[in-house]
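All remarks here apply to the structure that follows.
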Amino acid sequence: MGTRVNERASSGTERSLELRIVLVGGEELTGQSSTISETGNIILGQRIFETDRRTAQSVVRQQEVHSRRVTVVNTPHWFWHYPRENTPYLDQMEIQNSVHLCPPGPHAFLLIIPIGVPFIPVMKLSLMEHLQLFHKEFFKHTIMVFTVEKSRTNRFVEDEISFWPDLLWVLQQCGNRKHALNIRDQQDGTQVQTLLEKIEAMVVENAGRVYSVDAAEGRALTEKMETIAERASKRFFEVQRRRRELRALIQGGTIPPRHLRLVLVGAQWSAKSSAGNIILKKQVFSAGHRKKTDTCEISHSMVANRQLTVVDSPGWMYNHTLQDTNEMDRQEIAGSVHLCPPGPHAVLLVVGLSSAFNASYQRALQEHMSLFTEDVWKHTMVLFTRGDWLGSKTVEERIESEEGLQWLVEKCGNMYHVLDNTNQLHETQVTELLEKIEEMWAGKEEPHYEGDLSSEEQMEARREAQLKTAKRIQKTTQIQSRILKELFRGEWRRITEVKLVLIGRKGSGKSMAANRMLSTDQFGPFLMKKEFQNQTRTMVSVKHQKSMEEFSISAVETPGWLADEETPDWLKKEVLRSVSMCAPGPHAFLLVVPVSKAFTEADAKAVVELLEPLGERVWRHCLVLFTWADWLSGRNIEDYIGAEGEKLQRLVEKCGNRYQVFSSTRGFNNVDLLRKINIMFTRNNGCCFTPENNQPKKQKLSLFRRAKQQELTEEEWNRREQELVDRMLEAVTREVQEPTNPPVKVANSIDLAFIPSMGGDAPSEVSSTLWAHRNRARVDEWLRFRAANSEVTSGIGSMSASASHVESLDVNPLADHHQMEDFFPEEDQMVSDSGLHGIIPTDSILLNYRRHSF
């Protein structure tokens, strides 16, 4: 197991005559090629390893390099952002087998990390899981090789490494052994010679010992791969035999339809839309890493003398249960088969080969396919995409290596096909697919799949109801927003230190939103795979803040709850503690709801239970923050609220119809959010939230004494002021919900004359107190008699009649400026009096009565 060494007495150093090296590493989800194979070619001095196709199995090559016999083993790479369970089992076996290809074992592992790749914590988790394929001595024999694409100074490389704490941690595990390699300068032999000398120095540190391998484990691994290959061969010949039988039916006179109707279904990022474009031979469906099909799309083309109709449907998250998928996507997927009447000849179930078909993937697929009737499986063919991922392996080997795939293809009658998305000009792969569809058609009694027509009618009725709800929500929000701007015209309270508390389920995007608000990454990475979330669950509230010119913002992120658990007591305590972390209290509670998922009854229950200890007043300080808005694509957030049903609608209403949309990829408009918080702050009389039992003792005593001295305390006055605003906004909601009510014209209403002014503008200082008391008395009378006896109050009731006019009002998007004044609504930014003429009084109802003494 030792290394043959040639001692050089003159220098006192040792140089290995033979070096055995194994290359390991990952690649990004963006599809950029890995630099592992290029590193191997530079070391061996020749273009030996293929760089234009994926390495699907471990490959060993040997070359004489700088008077050394160097053996390099190139291994399959994994996705840096994926946990090990998402890496295909074939790849895992090949990575394990790499150390058995250079007996008696490798001298060194080179862990390849491209400089410039953000080494966020999820990459460290992925790396550590994949390194479990080796034993614990791995790091003793490892050098980290940082690849660059142009000449860089050592200082630059050091700075890049030190920027990522998790990368520094991995480097420390490797004994701080590293090397920078310019993969674009293959003529520079000195960088390879220096690398080999570093490897030899590491061998000396290890006393000449190589990474030990177990020969028995190697034989067992080889036998397992041979067994998979044998089963794959049997499956292939069985499929070919069945194809010949079906083709004989067609040749015997069973004429297939000239017009084929196809529906594509599958998980998000399975290259489903790309497959549709390849089949149609034109770019009609939106495809790409950050593209999402939000609604069903249909297109037609003439391909291989056949008329094709292809329907592309929204994809589900590969590890989401059906309960996780939001209602809009569920309806679109279920309705896809009804877009090509009388029904599709084939449902192409798209499965990407770049990810393992593990238990969570299988569960998600089974549950989403239940949106159709059981008969759908008779007309379903598995369409494997990203065929380039197979490399030199066959799709049958991949199927035989994973039990889930065996179940799937057998469920579909062994009907499957592979598409190589990187070779879209390869016409035979599409022609062969169409032939397989015709063969499947020939072997079925029913010519096509027929969905449940009754469910189609129900879905259509449900969509219409949801559309009406979405319009009502949008209209209500717009009108209430305009009323509040009119009511508080010129009375906006300036916030110089915004304090926020974020509450939401695990994986809702709280950290992502907080990082964007503060323009930082202090709350940790938000690109966290679902499989890693339990490993990184935060158990305490975290606070960060950022100061800017004349303005600061602080955010407290509370721990998230899991979808399948009851709200724990410790989490309730953390939410209570978050309030004290924002002393004297937060200006707003942001209830974070991800639109990429369904808002369940459990979510609604959790939010209510967490806020319940804070009292009913807390809802006056709440705003719903919808994250992952990219999932909506071209749809409105109101469509999502309407589709999710009463549970989410109740939450939005409890928050006073206050909500904001947040995108994970597009720039986040802090101005819009802060403007809404400012309106909420002003409506709350310029007060942040404080629990009732936290009010200072002196303040309570003062209120008690003042109550003895006068008829109405300031607290009671604030309560009545809020009651007036609430009743006005509730009247808006009733009017929008009940359009059948007869419109009330302002001209015919005498109540308008008695809507009191709450302003304290007195003709003189002497009469200011009398003036304030008179106004308060008029409000008291109006609340007790006028408003209480009228279901539709004056002014507000006229909104029904003016609905069309309100809809025509311009909703000017608020520009995203960095100046402080931008999120404080000034008078020139408000809706003009004429815009709401006949809806609310032209005089401001709520003026700053605090200017005057009692």
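Look at (1) open to solvent by less than 10 Å² (accessible area, probe 1.4 Å); (2) out of contact with any strand residue (DSSP E or B) (no Cβ under 9 Å at 6 or more places or on another chain) and you find that D630 fails only one, number (1). In this structure, P118 qualifies as out of contact with any Ser or Thr (no Cβ under 8 Å at 6 or more places or on another chain), modelled with pLDDT under 95 and open to solvent by 10 Å² or more (accessible area, probe 1.4 Å).
Restricted to region 438-468, and to residues there that are polar (S, T, N, Q) and open to solvent by 30 Å² or more (accessible area, probe 1.4 Å), the residue that is farthest from E327 (Cα to Cα) is S454. From the list A588, A555, A598, the lone residue that is under 27 Å from N319 (Cβ atoms), in contact with a helix residue (DSSP H, G or I) (Cβ under 7 Å, 6 or more places away or on another chain) and either open to solvent by 10 Å² or more (accessible area, probe 1.4 Å) or at pLDDT 90 or above (or both) is A598. Of the listed requirements (1) open to solvent by 40 Å² or more (accessible area, probe 1.4 Å); (2) in a helix (DSSP H, G or I); (3) at pLDDT below 95; (4) among the polar types (S, T, N, Q), Q187 misses just one: (2). Close contacts from region 245-264, counting a first residue that is closer than 21 Å to G451 by Cα and of a type in the set (D, E, K, R) and a second that is open to solvent by less than 70 Å² (accessible area, probe 1.4 Å) and assigned to a strand (DSSP E or B), with Cβ to Cβ under 6 Å and a gap of 6+ residues or different chains, come to R261/T309. Against the test of being among the polar types (S, T, N, Q), modelled with pLDDT under 95, under 24 Å from T87 (Cα atoms) and open to solvent by less than 40 Å² (accessible area, probe 1.4 Å), the options T147, T142 yield a single qualifying residue, T147.
Can S370 be described as of a type in the set (S, T, Y), open to solvent by 10 Å² or more (accessible area, probe 1.4 Å), modelled with pLDDT of 95 or more and within 29 Å of the chain's Cα centre (by Cα)? The answer is yes for S370. Within region 408-437, being open to solvent by less than 80 Å² (accessible area, probe 1.4 Å), modelled with pLDDT of 95 or more and acidic (D, E) holds for E432, E435. Total residues in region 257-315 satisfying the condition of being within 29 Å of the chain's Cα centre (by Cα), at positive phi and not hydrophobic (A, V, I, L, M, F, W, C): the figure is 2. Looking only at residues in region 379-399 that are among the β-branched types (V, I, T) and within 20 Å of K234 (Cα to Cα), which one is farthest from the chain's Cα centre (by Cα)? This residue is T394.
Here V652 fulfils each of the conditions (1) within 21 Å of R683 (Cβ to Cβ); (2) surrounded by fewer than 22 Cβ atoms within 10 Å (Cβ to Cβ) apart from (2).
Somewhere in region 122-139, is a residue surrounded by 14 or more Cβ atoms within 10 Å (Cβ to Cβ) and hydroxyl-bearing (S, T, Y)? Within region 122-139, one or more residues are surrounded by 14 or more Cβ atoms within 10 Å (Cβ to Cβ) and hydroxyl-bearing (S, T, Y).
Cβ-Cβ contacts under 8 Å between residues 6 or more apart (or on different chains), taken from a first residue in region 447-465 that is of a type in the set (D, E) to a second residue that is at pLDDT 85 or above and crowded, with 17+ Cβ neighbours inside 10 Å, are listed as E450/G343; E456/G335; E456/H338.
Filtered by the rule that a residue be surrounded by fewer than 17 Cβ atoms within 10 Å (Cβ to Cβ) and in contact (Cβ under 8 Å) with a residue 12 or more places away in the chain, region 274-297 gives K281, K282, S286, H289, R290, K291, T295. Criterion applied to V608, V671 was being more than 26 Å from P314 (Cβ to Cβ), open to solvent by 30 Å² or more (accessible area, probe 1.4 Å) and not in a loop (DSSP other than H, G, I, E, B), and the one residue passing it is V608. For region 384-393, the criterion of a residue being among the basic types (K, R) and within 17 Å of L264 (Cα to Cα) is satisfied by at least one position.
Residues of region 330-367 that are buried (at least 20 other Cβ atoms within 10 Å of the Cβ), of a type in the set (A, V, I, L, M) and part of a loop (DSSP other than H, G, I, E, B): L353, A356. In region 372-444, counting only helices (runs of 4 or more DSSP H) that sit wholly within it, the ones holding 2 or more residues that are under 17 Å from L262 (Cβ atoms) span 427-442. Taking V24, is it open to solvent by less than 20 Å² (accessible area, probe 1.4 Å) and at pLDDT 90 or above? Against the criterion (open to solvent by less than 20 Å² (accessible area, probe 1.4 Å) and at pLDDT 90 or above), V24 qualifies. If you check R243, R219, R235, R247 for being farther than 14 Å from N414 by Cα, assigned to a helix (DSSP H, G or I) and in contact with a helix residue (DSSP H, G or I) (Cβ under 7 Å, 6 or more places away or on another chain), only one passes: R247. Scanning region 150-173 for residues that are surrounded by fewer than 19 Cβ atoms within 10 Å (Cβ to Cβ) and not in a helix (DSSP H, G or I) yields K150, S151, R152, T153, F163. Only one of the numbered conditions (1) small (G, A, S); (2) in a helix (DSSP H, G or I); (3) surrounded by fewer than 22 Cβ atoms within 10 Å (Cβ to Cβ) is not met by G40, and that is (3).
The values are calculated or read from the model by the stated rules, or taken from the named source; none is laboratory data. From a predicted model like this one, the values you see are computed outputs, not experimental measurements. Glycine gets a Cβ as well: all are built from the backbone with ideal geometry, and neighbour counts include every protein chain shown. These accessible areas exclude ligands, DNA and RNA; they are computed on the full protein's heavy atoms, side chains included. Shrake-Rupley method; radii C 1.70, N 1.55, O 1.52, S 1.80 Å.
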